[in-house]
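For reference, the structure is listed below as C-alpha coordinates.
The values are calculated or read from the model by the stated rules, or taken from the named source; none is laboratory data. Quick caveat: nothing in here was measured; it's all calculated off a predicted structure. Counting neighbours? That spans all protein chains shown, and the Cβs are built from the backbone with ideal geometry, glycine included. Remember, those area values only see protein heavy atoms, side chains included, never the ligands or the DNA or RNA. Shrake-Rupley method; radii C 1.70, N 1.55, O 1.52, S 1.80 Å.
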Amino acid sequence: MGDWYGNLESGLVGSGKPLLIVYSSSNSRAVARDQLLRDCLESGARLPPHRSGKRRCAGCPPSAETLVHGVLLLRKKIRRKGTIEGLTMSAGNQQQTSATDGEWRKWGSQNPYRGVLGVDSVRMADPVVRSDFFRSGEWDVHRALKALEFIAPGYSISDADVLDFGCGVGRLMAAFASRCRTVTGVDVSPTMIGEAARNLASHANVSFFAELNEIPEAYRYDLVHSHIVLQHMRPRQGMRVIEQLLDRVRDGGCVALQFTMGSTNPVRNLANFARYRLSPLQYAYNLVTRRPIGEPVMELNAYDLHKVLALTEKRGFSDCIVFNHGGAGSWL
(Lines give C-alpha, C1' and ligand atoms only; values in the text may rest on other atoms or scores of the structure.)
Protein backbone atom coordinates (compact mmCIF):
# COMPACT_ATOMS: atom_id res chain seq x y z
CA MET A 1 0.00 0.00 0.00
CA GLY A 2 1.43 3.35 -1.00
CA ASP A 3 1.73 6.42 1.19
CA TRP A 4 -1.52 7.95 -0.09
CA TYR A 5 -1.51 10.80 2.43
CA GLY A 6 1.85 12.05 1.24
CA ASN A 7 0.74 11.90 -2.39
CA LEU A 8 -2.39 14.03 -2.02
CA GLU A 9 -1.98 17.37 -3.73
CA SER A 10 -2.07 20.39 -1.42
CA GLY A 11 -3.43 23.86 -2.02
CA LEU A 12 -6.98 23.81 -0.67
CA VAL A 13 -8.72 27.15 -0.92
CA GLY A 14 -12.23 27.91 0.36
CA SER A 15 -14.63 28.73 -2.47
CA GLY A 16 -18.07 28.01 -3.78
CA LYS A 17 -16.78 25.38 -6.20
CA PRO A 18 -15.70 21.95 -4.97
CA LEU A 19 -11.96 21.45 -5.07
CA LEU A 20 -11.14 18.13 -6.68
CA ILE A 21 -8.01 16.27 -5.66
CA VAL A 22 -7.55 12.87 -7.29
CA TYR A 23 -5.07 10.44 -5.76
CA SER A 24 -3.19 7.91 -7.86
CA SER A 25 -1.80 4.69 -6.38
CA SER A 26 1.90 4.27 -7.08
CA ASN A 27 1.48 0.79 -8.62
CA SER A 28 -0.99 1.71 -11.39
CA ARG A 29 -0.78 4.89 -13.45
CA ALA A 30 -2.69 6.79 -16.06
CA VAL A 31 -5.33 4.19 -17.01
CA ALA A 32 -8.61 5.97 -17.76
CA ARG A 33 -7.12 9.15 -16.27
CA ASP A 34 -7.94 11.49 -19.13
CA GLN A 35 -11.57 10.43 -19.39
CA LEU A 36 -12.12 10.72 -15.63
CA LEU A 37 -10.47 14.12 -15.62
CA ARG A 38 -12.79 15.33 -18.37
CA ASP A 39 -15.79 13.98 -16.49
CA CYS A 40 -14.68 15.67 -13.28
CA LEU A 41 -14.15 19.03 -14.94
CA GLU A 42 -17.54 18.84 -16.66
CA SER A 43 -19.12 18.42 -13.22
CA GLY A 44 -17.84 21.86 -12.20
CA ALA A 45 -14.94 20.72 -10.05
CA ARG A 46 -11.67 22.60 -10.26
CA LEU A 47 -8.12 21.37 -9.84
CA PRO A 48 -5.50 22.77 -7.46
CA PRO A 49 -2.26 24.13 -8.92
CA HIS A 50 0.48 21.55 -9.27
CA ARG A 51 3.93 22.23 -7.82
CA SER A 52 5.04 23.27 -11.29
CA GLY A 53 2.33 25.93 -11.35
CA LYS A 54 0.26 24.09 -13.97
CA ARG A 55 -3.14 22.65 -13.17
CA ARG A 56 -3.34 18.93 -13.73
CA CYS A 57 -4.89 15.80 -12.30
CA ALA A 58 -2.69 13.35 -10.42
CA GLY A 59 -4.79 10.58 -11.99
CA CYS A 60 -7.40 8.21 -10.70
CA PRO A 61 -6.75 4.83 -12.30
CA PRO A 62 -8.76 1.70 -11.59
CA SER A 63 -7.52 -0.73 -8.98
CA ALA A 64 -6.40 -4.27 -9.73
CA GLU A 65 -10.07 -5.26 -9.93
CA THR A 66 -10.52 -2.62 -12.70
CA LEU A 67 -12.68 -0.50 -10.40
CA VAL A 68 -12.17 3.07 -9.30
CA HIS A 69 -12.87 3.22 -5.58
CA GLY A 70 -13.31 6.83 -4.51
CA VAL A 71 -13.47 8.49 -1.12
CA LEU A 72 -15.37 11.76 -1.01
CA LEU A 73 -14.42 14.20 1.75
CA LEU A 74 -16.55 17.29 2.32
CA ARG A 75 -16.98 20.17 4.72
CA LYS A 76 -20.30 21.91 5.27
CA LYS A 77 -20.49 25.69 5.07
CA ILE A 78 -21.10 27.45 8.39
CA ARG A 79 -24.37 29.31 7.92
CA ARG A 80 -25.61 29.83 11.44
CA LYS A 81 -22.86 29.00 13.88
CA GLY A 82 -24.05 27.05 16.89
CA THR A 83 -27.44 26.17 15.37
CA ILE A 84 -28.87 23.36 13.29
CA GLU A 85 -29.42 24.27 9.66
CA GLY A 86 -33.06 23.88 8.71
CA LEU A 87 -32.75 21.88 5.50
CA THR A 88 -35.55 19.42 4.77
CA MET A 89 -35.39 16.17 2.83
CA SER A 90 -37.06 15.91 -0.53
CA ALA A 91 -40.49 14.26 -0.66
CA GLY A 92 -39.07 11.17 -2.35
CA ASN A 93 -36.42 10.72 0.33
CA GLN A 94 -38.53 10.19 3.44
CA GLN A 95 -37.78 6.48 3.70
CA GLN A 96 -34.42 4.78 3.36
CA THR A 97 -34.82 1.70 1.15
CA SER A 98 -32.45 -0.51 -0.78
CA ALA A 99 -32.91 -3.45 -3.11
CA THR A 100 -29.87 -5.04 -1.43
CA ASP A 101 -31.10 -4.84 2.18
CA GLY A 102 -32.36 -8.42 2.10
CA GLU A 103 -29.02 -9.76 0.90
CA TRP A 104 -27.19 -7.82 3.62
CA ARG A 105 -29.45 -9.28 6.29
CA LYS A 106 -28.55 -12.74 4.94
CA TRP A 107 -24.86 -11.91 5.28
CA GLY A 108 -25.52 -10.84 8.87
CA SER A 109 -27.25 -14.10 9.77
CA GLN A 110 -24.92 -16.44 7.80
CA ASN A 111 -21.41 -15.00 7.99
CA PRO A 112 -21.25 -11.41 9.30
CA TYR A 113 -17.48 -10.94 9.37
CA ARG A 114 -17.06 -12.29 5.86
CA GLY A 115 -19.77 -9.89 4.75
CA VAL A 116 -17.89 -6.96 6.29
CA LEU A 117 -14.32 -7.69 5.21
CA GLY A 118 -14.03 -11.18 3.75
CA VAL A 119 -12.99 -12.90 7.01
CA ASP A 120 -14.90 -16.09 7.80
CA SER A 121 -16.66 -15.64 11.13
CA VAL A 122 -15.26 -18.91 12.52
CA ARG A 123 -11.75 -17.47 12.19
CA MET A 124 -12.62 -14.60 14.55
CA ALA A 125 -12.06 -16.99 17.46
CA ASP A 126 -8.34 -16.66 16.68
CA PRO A 127 -7.03 -13.70 18.74
CA VAL A 128 -4.57 -12.74 15.99
CA VAL A 129 -7.25 -12.67 13.30
CA ARG A 130 -9.57 -10.70 15.57
CA SER A 131 -6.84 -8.20 16.40
CA ASP A 132 -5.98 -7.72 12.72
CA PHE A 133 -9.65 -7.23 11.86
CA PHE A 134 -10.15 -4.36 14.30
CA ARG A 135 -6.71 -2.92 13.62
CA SER A 136 -7.77 -2.51 9.99
CA GLY A 137 -10.63 -0.36 11.30
CA GLU A 138 -8.15 1.77 13.24
CA TRP A 139 -6.19 2.33 10.03
CA ASP A 140 -9.26 3.29 8.01
CA VAL A 141 -10.35 5.82 10.61
CA HIS A 142 -6.83 7.19 10.97
CA ARG A 143 -6.42 7.88 7.25
CA ALA A 144 -9.91 9.39 6.95
CA LEU A 145 -9.12 11.85 9.76
CA LYS A 146 -5.74 12.66 8.22
CA ALA A 147 -7.38 13.40 4.87
CA LEU A 148 -9.97 15.64 6.53
CA GLU A 149 -7.16 17.88 7.74
CA PHE A 150 -6.86 19.11 4.14
CA ILE A 151 -10.29 20.70 4.25
CA ALA A 152 -10.36 21.40 7.99
CA PRO A 153 -6.84 22.22 9.27
CA GLY A 154 -6.32 20.99 12.81
CA TYR A 155 -9.41 18.80 12.54
CA SER A 156 -10.15 16.76 15.66
CA ILE A 157 -13.06 14.56 16.75
CA SER A 158 -12.20 14.49 20.45
CA ASP A 159 -15.38 16.47 21.22
CA ALA A 160 -17.38 15.33 18.19
CA ASP A 161 -20.55 13.35 17.60
CA VAL A 162 -19.95 10.84 14.80
CA LEU A 163 -22.39 8.90 12.61
CA ASP A 164 -21.11 5.70 10.97
CA PHE A 165 -23.53 4.52 8.29
CA GLY A 166 -23.37 0.79 7.55
CA CYS A 167 -21.54 0.07 10.79
CA GLY A 168 -21.71 -3.72 10.41
CA VAL A 169 -20.09 -5.49 13.36
CA GLY A 170 -18.52 -2.27 14.67
CA ARG A 171 -15.10 -2.51 13.00
CA LEU A 172 -14.89 1.27 12.52
CA MET A 173 -17.10 2.24 15.45
CA ALA A 174 -14.55 0.75 17.84
CA ALA A 175 -11.91 3.13 16.47
CA PHE A 176 -14.27 6.12 16.58
CA ALA A 177 -15.52 5.32 20.09
CA SER A 178 -12.02 5.63 21.54
CA ARG A 179 -11.54 9.03 19.86
CA CYS A 180 -14.83 10.95 19.94
CA ARG A 181 -17.59 12.05 22.31
CA THR A 182 -20.32 9.82 20.89
CA VAL A 183 -20.66 7.50 17.89
CA THR A 184 -23.92 6.33 16.36
CA GLY A 185 -24.00 3.23 14.18
CA VAL A 186 -26.66 2.51 11.57
CA ASP A 187 -27.07 -0.90 9.94
CA VAL A 188 -30.05 -2.61 8.36
CA SER A 189 -29.02 -6.04 9.68
CA PRO A 190 -30.18 -6.71 13.25
CA THR A 191 -27.64 -9.54 13.53
CA MET A 192 -24.83 -7.15 12.60
CA ILE A 193 -26.02 -4.61 15.17
CA GLY A 194 -26.18 -7.31 17.84
CA GLU A 195 -22.61 -8.36 17.05
CA ALA A 196 -21.45 -4.72 17.08
CA ALA A 197 -23.09 -4.16 20.47
CA ARG A 198 -21.17 -7.14 21.88
CA ASN A 199 -17.90 -5.95 20.34
CA LEU A 200 -18.35 -2.47 21.80
CA ALA A 201 -19.77 -3.52 25.18
CA SER A 202 -16.91 -1.73 26.97
CA HIS A 203 -17.81 1.64 25.38
CA ALA A 204 -20.57 3.72 26.97
CA ASN A 205 -20.64 6.34 24.21
CA VAL A 206 -22.19 4.23 21.40
CA SER A 207 -25.75 3.83 20.13
CA PHE A 208 -27.34 1.89 17.27
CA PHE A 209 -30.22 2.30 14.83
CA ALA A 210 -31.54 0.06 12.04
CA GLU A 211 -32.36 3.01 9.73
CA LEU A 212 -31.48 6.67 9.40
CA ASN A 213 -35.14 7.55 9.80
CA GLU A 214 -35.11 6.06 13.31
CA ILE A 215 -32.64 8.70 14.49
CA PRO A 216 -34.49 11.65 16.10
CA GLU A 217 -34.96 14.41 13.52
CA ALA A 218 -33.12 17.00 15.61
CA TYR A 219 -29.90 14.97 15.80
CA ARG A 220 -26.98 16.32 13.77
CA TYR A 221 -23.36 15.17 13.68
CA ASP A 222 -19.91 16.73 13.44
CA LEU A 223 -18.73 13.88 11.20
CA VAL A 224 -20.83 11.60 9.00
CA HIS A 225 -18.85 8.62 7.77
CA SER A 226 -19.47 5.58 5.56
CA HIS A 227 -16.83 3.16 4.30
CA ILE A 228 -17.26 0.22 1.85
CA VAL A 229 -21.05 0.42 2.24
CA LEU A 230 -22.61 2.61 -0.46
CA GLN A 231 -20.91 0.60 -3.21
CA HIS A 232 -23.04 -2.38 -2.20
CA MET A 233 -26.26 -0.43 -2.70
CA ARG A 234 -27.79 0.28 -6.10
CA PRO A 235 -27.18 3.95 -6.97
CA ARG A 236 -30.85 4.93 -7.15
CA GLN A 237 -31.29 4.05 -3.49
CA GLY A 238 -27.74 5.02 -2.59
CA MET A 239 -28.18 8.59 -3.82
CA ARG A 240 -31.20 8.99 -1.57
CA VAL A 241 -29.15 7.69 1.34
CA ILE A 242 -26.33 10.14 0.52
CA GLU A 243 -28.89 12.97 0.60
CA GLN A 244 -30.06 11.84 4.02
CA LEU A 245 -26.49 11.59 5.28
CA LEU A 246 -25.66 15.10 4.08
CA ASP A 247 -28.73 16.45 5.87
CA ARG A 248 -27.45 14.97 9.13
CA VAL A 249 -24.27 17.11 9.18
CA ARG A 250 -24.00 20.10 11.50
CA ASP A 251 -22.96 23.46 10.08
CA GLY A 252 -19.18 23.37 9.79
CA GLY A 253 -19.19 19.57 10.05
CA CYS A 254 -17.53 17.09 7.70
CA VAL A 255 -18.44 14.05 5.60
CA ALA A 256 -16.29 11.12 4.49
CA LEU A 257 -18.04 8.78 2.04
CA GLN A 258 -16.48 5.91 0.09
CA PHE A 259 -18.04 4.61 -3.10
CA THR A 260 -17.08 3.04 -6.42
CA MET A 261 -16.96 5.55 -9.27
CA GLY A 262 -16.59 3.32 -12.32
CA SER A 263 -15.26 0.25 -14.06
CA THR A 264 -13.15 -0.24 -17.18
CA ASN A 265 -14.44 -3.76 -17.90
CA PRO A 266 -17.81 -3.64 -19.76
CA VAL A 267 -18.05 -7.45 -20.02
CA ARG A 268 -17.76 -7.82 -16.27
CA ASN A 269 -20.28 -5.00 -15.80
CA LEU A 270 -22.85 -6.83 -17.94
CA ALA A 271 -22.19 -10.20 -16.28
CA ASN A 272 -22.54 -8.70 -12.81
CA PHE A 273 -25.71 -6.83 -13.75
CA ALA A 274 -27.30 -10.15 -14.72
CA ARG A 275 -25.91 -12.08 -11.76
CA TYR A 276 -27.20 -9.54 -9.25
CA ARG A 277 -30.75 -9.95 -10.58
CA LEU A 278 -31.00 -13.63 -11.56
CA SER A 279 -30.60 -16.13 -8.70
CA PRO A 280 -29.57 -19.10 -10.92
CA LEU A 281 -26.60 -17.10 -12.20
CA GLN A 282 -25.57 -16.29 -8.63
CA TYR A 283 -25.78 -19.99 -7.69
CA ALA A 284 -23.64 -20.85 -10.72
CA TYR A 285 -21.13 -18.13 -9.74
CA ASN A 286 -20.90 -19.55 -6.22
CA LEU A 287 -20.38 -23.04 -7.60
CA VAL A 288 -17.62 -22.00 -10.04
CA THR A 289 -15.81 -19.91 -7.43
CA ARG A 290 -16.14 -22.68 -4.81
CA ARG A 291 -18.27 -20.64 -2.47
CA PRO A 292 -21.19 -21.98 -0.44
CA ILE A 293 -24.03 -22.45 -2.91
CA GLY A 294 -26.38 -20.27 -0.86
CA GLU A 295 -23.91 -17.45 -0.19
CA PRO A 296 -25.73 -14.11 -0.59
CA VAL A 297 -25.05 -11.64 -3.37
CA MET A 298 -22.47 -8.93 -2.65
CA GLU A 299 -23.22 -6.28 -5.26
CA LEU A 300 -20.56 -3.78 -6.29
CA ASN A 301 -22.16 -0.74 -7.92
CA ALA A 302 -20.65 2.39 -9.45
CA TYR A 303 -21.88 5.95 -8.79
CA ASP A 304 -22.03 8.93 -11.12
CA LEU A 305 -19.51 11.46 -9.81
CA HIS A 306 -21.35 14.31 -11.55
CA LYS A 307 -24.54 13.61 -9.62
CA VAL A 308 -22.76 13.16 -6.30
CA LEU A 309 -20.89 16.46 -6.59
CA ALA A 310 -24.02 18.30 -7.74
CA LEU A 311 -25.88 16.97 -4.70
CA THR A 312 -23.15 18.07 -2.29
CA GLU A 313 -23.20 21.63 -3.63
CA LYS A 314 -26.99 21.70 -3.46
CA ARG A 315 -26.86 20.65 0.20
CA GLY A 316 -24.42 23.42 1.16
CA PHE A 317 -20.97 21.81 1.11
CA SER A 318 -17.90 23.71 -0.06
CA ASP A 319 -14.42 22.14 -0.10
CA CYS A 320 -14.22 18.65 -1.54
CA ILE A 321 -11.59 15.95 -2.02
CA VAL A 322 -11.97 12.83 -4.14
CA PHE A 323 -9.19 10.23 -4.11
CA ASN A 324 -8.72 6.61 -5.06
CA HIS A 325 -8.20 4.52 -1.96
CA GLY A 326 -6.99 1.50 -3.95
CA GLY A 327 -9.69 -1.05 -3.20
CA ALA A 328 -11.44 -2.34 -0.14
CA GLY A 329 -9.90 -4.56 2.51
CA SER A 330 -6.53 -4.95 0.82
CA TRP A 331 -4.62 -4.58 4.08
CA LEU A 332 -5.98 -7.72 5.73
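Below, the figures for the structure above:
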{"quantity": "Förster-model FRET efficiency, 30 Å R0, Val267 and Val129, C-beta, rounded to 0.05", "calculated": "0.30"}
{"quantity": "Interchain or long-range residues, amide H under 5 Å from Val119's placed H", "calculated": "Arg114"}
{"quantity": "Residue-by-residue Karplus 3J(HN,Hα) for the range 178-184, coefficients 6.51, -1.76, 1.60, Hz, glycine and proline x", "calculated": "7, 10, 10, 6, 9, 9, 10"}
{"quantity": "Amide hydrogen neighbours beyond the local backbone of Leu72, cut-off 5 Å, H modeled", "calculated": "Leu257, Gln258, Phe259"}
{"quantity": "Compactness index (Cα Rg / 2.2 N^0.38 Å), the range 157-256", "calculated": "0.99"}
{"quantity": "Compactness index (Cα Rg / 2.2 N^0.38 Å), the range 191-242", "calculated": "1.33"}
{"quantity": "Modelled FRET efficiency - R0 41 Å, Lys307 with Tyr283, Cβ distances, 0.05 increments", "calculated": "0.75"}
{"quantity": "Spatial extent of the range 177-332: Rg and Dmax, with the Cα atoms as the point set, Å", "calculated": "17.8, 50"}
{"quantity": "For the range 104-116, Karplus couplings with θ = phi - 60° (6.51, -1.76, 1.60), whole Hz, Gly/Pro x", "calculated": "5, 5, 5, 4, x, 7, 8, 7, x, 6, 5, x, 6"}
{"quantity": "Given Lys106/Lys146; Lys77/Lys307; Lys106/Lys307; Lys76/Lys307, the pairs whose alpha carbons are separated by over 25 Å", "calculated": "Lys106/Lys146; Lys106/Lys307"}
{"quantity": "The range 226-298 versus the range 140-200: alpha-carbon centroid distance in Å", "calculated": "21 Å"}
{"quantity": "Accessible-area value, Thr191, 1.4 Å probe, nucleic acids and ligands omitted, Å²", "calculated": "60 Å²"}
{"quantity": "Where N is the number of residues in the range 132-184, Cα Rg divided by 2.2 N^0.38 Å", "calculated": "1.09"}
{"quantity": "Arg277 accessible area, assembled protein chains, probe 1.4 Å, Å²", "calculated": "100 Å²"}
{"quantity": "Interchain or long-range residues, amide H under 5 Å from Phe209's placed H", "calculated": "Gly185, Val186, Asp187"}
{"quantity": "Note, ³J(HN,Hα) from phi for the range 195-204, Karplus 6.51, -1.76, 1.60, rounded to Hz, x at Gly and Pro", "calculated": "5, 4, 4, 5, 5, 10, 4, 7, 9, 8"}
